[in-house]
1. Quick check on the exposure proxy: order MET256, MET282 from fewest to most C-beta atoms within 10 angstrom.
2. For region 113-152 and region 70-108, what is the separation of their Cα centres, given in Å?
3. For a Förster distance of 41 Å, can you work out the FRET efficiency between the beta-carbons of ARG62 and ASN186, rounded to the nearest 0.05?
4. Give the angle, between 0 and 90 degrees and rounded to the nearest 10, that separates the Cα long axis of helix 262-272 from the longest principal axis of the Cα atoms of the chain.
5. Please report how far the C-alpha centroid of region 206-235 lies from that of region 158-175, rounded to the nearest whole angstrom.
6. Counting other C-beta atoms within 10 Å, which of SER8, SER195 has the fewest, and how do the rest follow?
7. To the nearest 10 degrees, how steep is helix 49-63 against the longest Cα principal axis of the chain, on a 0 to 90 scale?
8. What is the fewest-to-most order of SER65, SER168 by other Cβ atoms lying within 10 Å of their Cβ?
Amino acid sequence: MQRMPKRSGILGMDIGGTRFRIGFVGQDGILSHYREERTQEYFKEGEDIFSVFAELFQTYKREFSEEIEILALSVGLPSTIDRSRKVILQTPNIPLFPDNFAFTDQMQEKIGLPVFINRDVNNLLLYDMEQLGISEESSVSAIYFGTGVGNAVFLNGRILLGKNGVASELGHLPVLLNEKKCSCGNVGCLETIVSGIALQALQKEKFPNIRIDDIFVEEKDDPEVDLFVRNMAKVIATEENLFDPDYILLGGGLPMMSGFPKERLEKYAHEFTRKPYPEQNMEIVYAKMDQKNGVLGACLYGKKRLEDSSYL
Ligand SMILES: [Zn+2]
């Protein structure tokens, strides 16, 4: 039997605080050889990060060497990353990652292939836009309400990076009269009030007998749960008032929870957004959530980097 030609493409990794995911996307745009692992089983105290990545890469490459040819490695991280996309600045949710961690040059040397890194939410936004058919001419502000509040902005055909590469950290906007300590080390950040972690704290304190997954099914009319949704709407209005984008793209686990009052969230978002514009033309769209999207986004980003050396 004749051997099938190898598919060439990008190996994507999506590293999260709890899980990490690996997959391959060929030139055909199709994801294959996808797997999911527990982050803490690999990225343990005392391990050398380069060795962990190199081992993961080599094992994967060996296992599928008959079927795929890897052209580059693209990694999405829950981190702030420098403007040149070479240094991982801060990763609060994965203790093994040190601050100011120069990653790509040494990693490239280790595996002999181009290595790209990006904030996970930037990768997600690229993929979500493609999946929703939003053209790159459009401006998009994405808000991912998950464990924290992820944010990414697409403007003038590119992801907004900022002077230091750390633009669009909506979750770490200091909000008035808030003295709660944030995982980033500061006090008063928005995501200490509006996030999965904050919702969990509310559930523990006020609804200990209701599963967190059922909180919107059972208690969406409770004043405190309603206030939580109103606060989410204020976050959306903040972003809308700042950027007046073509689209506000919402994703993350919170808006996808069963019983989550999307209509109410949108009604409140309109209430808090400046009149008459951008309020009248605000267009809210929802990401099609899937665990694989982070890997797909990482591969899409890797493809763009390979095709255009000036793309960051
Ligand atoms: Zn913070």
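1. Ascending Cβ contact count within 10 Å gives the list MET256, MET282.
2. 17
3. Taking R0 as 41 Å, the efficiency between ARG62 and ASN186 is 0.40.
4. Once rounded, one gets 70 degrees.
5. 28
6. SER8, SER195
7. Taking Cα atoms only, the helix is inclined about 60 degrees.
8. SER65, SER168
The numbers here are math on the coordinates, done by the rules we state, and not lab data. Bear in mind that the values here come from a model prediction, so they are computed numbers and not experimental data. Using ideal geometry, Cβ is built from the backbone for each residue, glycine included, and neighbour counts are taken over all protein chains shown.
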